[in-house]
Each structure stands twice: as structure tokens, then as C-alpha cells.
Amino acid sequence: IASAGADSSVRIWTARDGGLAGTAAPLSTSQRCCAFFPDGGSLLTGGWDGVSRIFRVPDATLLRTLHGHTSTVTCCTVSRDGSLLVTGSNDHTVRLWDIRRDGAYAVLRDFRTEVGAVTLSPDETLLAAGSSDGRILVYRLPYGAVAGELAVPPGRVTTLAFTPDGSILAAGFENG
């Protein structure tokens, strides 16, 4: 279990006994989101400083920083093989990162407001991203060509998830 906190912390616990396994060294900024790599050996976080960080699990040692966003990283996800990282930000962009490169290989600039949720389809051919103005865009991967926009009720998108077969995309909104 991991948490990224407004108190500038990253903490990792063992689910078996609830014991604290690791705490990151004091960070310079609050952390807003986190996602485990599929192998469980690393954790991706997003900070208020626009920086994404990768920590080793379970001891929360900082392994790498990803710079590129110009405002808070609000959401993140990791592909099944751990090679693709996706981050959304208050800078109105979604960035696609190849773990083998230093910078983002694609920047999606289709939003007018904060991107608050990102998710990958189970086959990882699609990316869905939702924003604070209620827009949900679907992109084709690997490069982020827009595949469409979903008609949704107004409200800030706070979470997105595909069903395991990829046939349904569920969205959560701040207004319930």
C-alpha cells in the first residue's frame, strides 16, 4: 500500500501486517498521485512542483525524476510492462513517457483545464484522460492521436477506469 501526501511524503506499507516499510526522504513539495509499476518494485508519484518521481519499493528510495510539466502533476498511471508512464497535469497537458528515455516522447495539449484522471485500456491501445471541465478524450497509443471525445454530464472528472475486457469506460465526477 502506498500514499502520496500533501505533507510532502511518500509512504509504503506492507499489506500483510500494516507495517510501515518505507518513507521517502523529505520532499520539497506535496505529492498528489501515485501508481505502482506492475512488478511492484517501483512507485510513480506526481508532485505539486510539476515533477514526477519514481521510488524503489518497499524502502521508498528515490530512483529517478521526470521533468516536463509546468504545474502540479495531478494523475498518473503505468503500463503493464512498466515501459509507458502517463501523467496528467494542472498545466492542461498529458505526457507520455518511455521509461528508457529522459523526457516525455509525446505531449498531448488538447485540454483547456486541469487533467484530473488518466487510464489505459487493458490492451494498452487506448488512453482516456478527463479534465476539470468535464471533458473526456480518448487517444490511440503509442503517440496519442485523438480517437474521440465522450459526451458526459458536466463536472470535474476525478477518476477513470476501463473494465477488464476494455468494452466500458467508467468515470467518476467530483459532483457525485
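The values are calculated or read from the model by the stated rules, or taken from the named source; none is laboratory data. On a predicted model such as this, the values are computed, not experimentally measured, just so you know. Heads up, the Cβs are rebuilt from the backbone with ideal geometry, glycines too, and the neighbour counts pull from every protein chain shown. All accessible areas refer to the heavy atoms of the entire protein, side chains included, with ligands and DNA or RNA removed. Shrake-Rupley method; radii C 1.70, N 1.55, O 1.52, S 1.80 Å.
Quick one: is GLY134 at positive phi and either in a strand (DSSP E or B) or among the β-branched types (Val, Ile, Thr) (or both)?
no
Would you check which residues across the range 35-45 are farther than 18 Å from LEU120 by Cα and open to solvent by 50 Å² or more (accessible area, probe 1.4 Å) and list them?
If the condition is that a residue be farther than 18 Å from LEU120 by Cα and open to solvent by 50 Å² or more (accessible area, probe 1.4 Å), then no residue fits.
Residue-wise test of (1) touching a Cys at 6+ places or on another chain (Cβ under 8 Å); (2) of a type in the set (Asp, Glu); (3) under 24 Å from ASP123 (Cβ atoms).
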residue: CYS33; (1), (2), (3): yes, no, yes
residue: GLY47; (1), (2), (3): no, no, no
residue: VAL51; (1), (2), (3): no, no, no
residue: VAL57; (1), (2), (3): no, no, no
residue: VAL86; (1), (2), (3): yes, no, yes
residue: ASP91; (1), (2), (3): no, yes, no
residue: ASP98; (1), (2), (3): no, yes, yes
residue: ASP102; (1), (2), (3): no, yes, no
residue: ARG109; (1), (2), (3): no, no, no
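Given the criteria farther than 20 Å from ALA4 by Cβ and out of contact with any strand residue (DSSP E or B) (no Cβ under 9 Å at 6 or more places or on another chain), does ARG80 qualify? Even if it seems obvious, please write down each step before you answer.
Working: farther than 20 Å from ALA4 by Cβ: yes; out of contact with any strand residue (DSSP E or B) (no Cβ under 9 Å at 6 or more places or on another chain): no.
Answer is no for this residue.
Scan the range 97-131 residue by residue and report those that are aliphatic (A, V, I, L, M) and not in a loop (DSSP other than H, G, I, E, B).
ALA104, ALA106, VAL107, LEU108, VAL115, ALA117, VAL118, LEU120, LEU126, LEU127, ALA128, ALA129
Scan the range 1-18 for residues that are assigned to a loop (DSSP other than H, G, I, E, B) and within 21 Å of GLY88 (Cα to Cα) and jot them down.
Those that are assigned to a loop (DSSP other than H, G, I, E, B) and within 21 Å of GLY88 (Cα to Cα): GLY5, ALA6, ASP7, SER8, SER9.
Among the numbered criteria (1) at pLDDT 95 or above; (2) surrounded by fewer than 18 Cβ atoms within 10 Å (Cβ to Cβ); (3) hydrophobic (A, V, I, L, M, F, W, C), which one does ALA15 miss?
Condition (1) is where ALA15 drops out.
Can you list the strands (runs of 3 or more DSSP E) lying wholly within the range 19-96 that have 2 or more residues being at pLDDT 95 or above, on the phi < 0 side of the Ramachandran plot and polar (S, T, N, Q)? Reasoning before the result, please.
Values: elements: 20-23, 31-36, 42-47, 52-56, 62-66, 73-78, 84-89.
Result: 42-47, 73-78, 84-89.
In the range 131-140, what residues are more than 16 Å from the chain's Cα centre (by Cα) and open to solvent by less than 50 Å² (accessible area, probe 1.4 Å)? Break it down stepwise before answering.
We begin by selecting, within the range 131-140, every residue more than 16 Å from the chain's Cα centre (by Cα); these are 133-135, 140.
The answer is GLY134, ARG135.
Can you tell me which residue among VAL78, VAL107 is touching a residue at least 12 places away in the same chain (Cβ under 8 Å), of a type in the set (Val, Ile, Thr), surrounded by 14 or more Cβ atoms within 10 Å (Cβ to Cβ) and in contact with a Pro (Cβ under 9 Å, 6 or more places away or on another chain)?
Numbers: VAL107 fails: in contact with a Pro (Cβ under 9 Å, 6 or more places away or on another chain).
Of VAL78, VAL107, the one residue that is touching a residue at least 12 places away in the same chain (Cβ under 8 Å), of a type in the set (Val, Ile, Thr), surrounded by 14 or more Cβ atoms within 10 Å (Cβ to Cβ) and in contact with a Pro (Cβ under 9 Å, 6 or more places away or on another chain) is VAL78.
Out of the range 110-124, which residues are within 22 Å of ARG156 (Cβ to Cβ) and loosely packed, with under 15 Cβ neighbours inside 10 Å? Break it down into steps so the answer makes sense when it comes.
Step one: filter the range 110-124 for residues within 22 Å of ARG156 (Cβ to Cβ), giving 110-120.
Result: ARG112, THR113.
Would you point out the residue of the range 153-176, among those that are of a type in the set (Ser, Thr, Tyr) and surrounded by 14 or more Cβ atoms within 10 Å (Cβ to Cβ), that is farthest from ARG112 (Cα to Cα)?
THR159
Which is closer than 30 Å to GLY176 by Cβ and in contact (Cβ under 8 Å) with a residue 24 or more places away in the chain, of LEU120, LEU141?
Details: LEU141 fails: closer than 30 Å to GLY176 by Cβ.
Step by step, each of LEU120, LEU141 is checked, and only LEU120 is closer than 30 Å to GLY176 by Cβ and in contact (Cβ under 8 Å) with a residue 24 or more places away in the chain.
Just to be sure before I move on: is ARG109 over 22 Å from PRO38 (Cβ atoms) and at pLDDT 95 or above in the structure I sent? Can you show your working first?
Details: over 22 Å from PRO38 (Cβ atoms): yes; at pLDDT 95 or above: yes.
It is true that ARG109 is over 22 Å from PRO38 (Cβ atoms) and at pLDDT 95 or above.
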